[in-house]
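Before any comments, here is the structure.
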Amino acid sequence: MTIRPARPTEAAALTALALRSKAHWGYDAGFMAACRAELTLDPERIGAERTAVAEGGDGRVLGFVTLTGEPPEGELGMLFVEPAVIGRGVGRRLVEHLRAEAAALGFDRVTVVADPNAEPFYRAMGAVRTGTVASGSIAGRELPSLTFHFPAS
């Protein structure tokens, strides 16, 4: 598996991957429809959000991650993995890439507003829970907020 910058021409495929990955957690059609806009990438967002993909040896995109913001604080905006390979290290590699890129760019911290199902993963990757925030898609739903901290160089 290699990690590489996403291409603007991959926006539709990455959006479809995000929707498949989110649906993996058993959300119903109404929930998924409410999240669609939030999970849609357009070509302009690919570069602006420092989107990176994990690509298998066969050239298939296995997942992707985005990093937004400017030092000292950034945000892991999206991290989605193809459902067939969840639990096989793709997400871990994407977070390791994001952490290395963020540190190299001079970020002190990167926050993530996570799906509740993903919180244990982010905590295992070293993020610390800092609170909750209201969902941008579902009224009344609270999402965990976590932060990755980088040691001062």
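The values are calculated or read from the model by the stated rules, or taken from the named source; none is laboratory data. Just so you know, these numbers come straight off a predicted model, no measurement behind them. Here the Cβ positions follow ideal geometry from the backbone for every residue, glycine too, while neighbour counts run over all protein chains shown.
Within region 134-145, the residues that satisfy the criterion of being within 17 Å of the chain's Cα centre (by Cα) and either assigned to a loop (DSSP other than H, G, I, E, B) or surrounded by fewer than 16 Cβ atoms within 10 Å (Cβ to Cβ) (or both) are Ser135, Gly136, Ser137.
Within region 87-98, is even one residue of a type in the set (A, V, I, L, M), within 27 Å of Gly30 (Cβ to Cβ) and free of Cβ contacts under 8 Å to residues at least 60 places away in the same chain? No, region 87-98 contains no residue that is of a type in the set (A, V, I, L, M), within 27 Å of Gly30 (Cβ to Cβ) and free of Cβ contacts under 8 Å to residues at least 60 places away in the same chain. Does Phe80 qualify as being among the aromatic types (Phe, Trp, Tyr), under 24 Å from Arg92 (Cβ atoms) and either out of contact with any Pro (no Cβ under 9 Å at 6 or more places or on another chain) or modelled with pLDDT under 95 (or both)? So Phe80 passes the test.
Do we find that Phe148 is out of contact with any Ser or Thr (no Cβ under 7 Å at 6 or more places or on another chain), over 23 Å from Ala16 (Cα atoms) and assigned to a strand (DSSP E or B) in this structure?
On the way: out of contact with any Ser or Thr (no Cβ under 7 Å at 6 or more places or on another chain): yes; over 23 Å from Ala16 (Cα atoms): yes; assigned to a strand (DSSP E or B): yes.
Criteria met by Phe148.
Here region 78-98 is the region considered, the condition is being within 12 Å of Ala52 (Cα to Cα) and of a type outside the set (A, V, I, L, M), and the residue that is surrounded by the most Cβ atoms within 10 Å (Cβ to Cβ) is Phe80.
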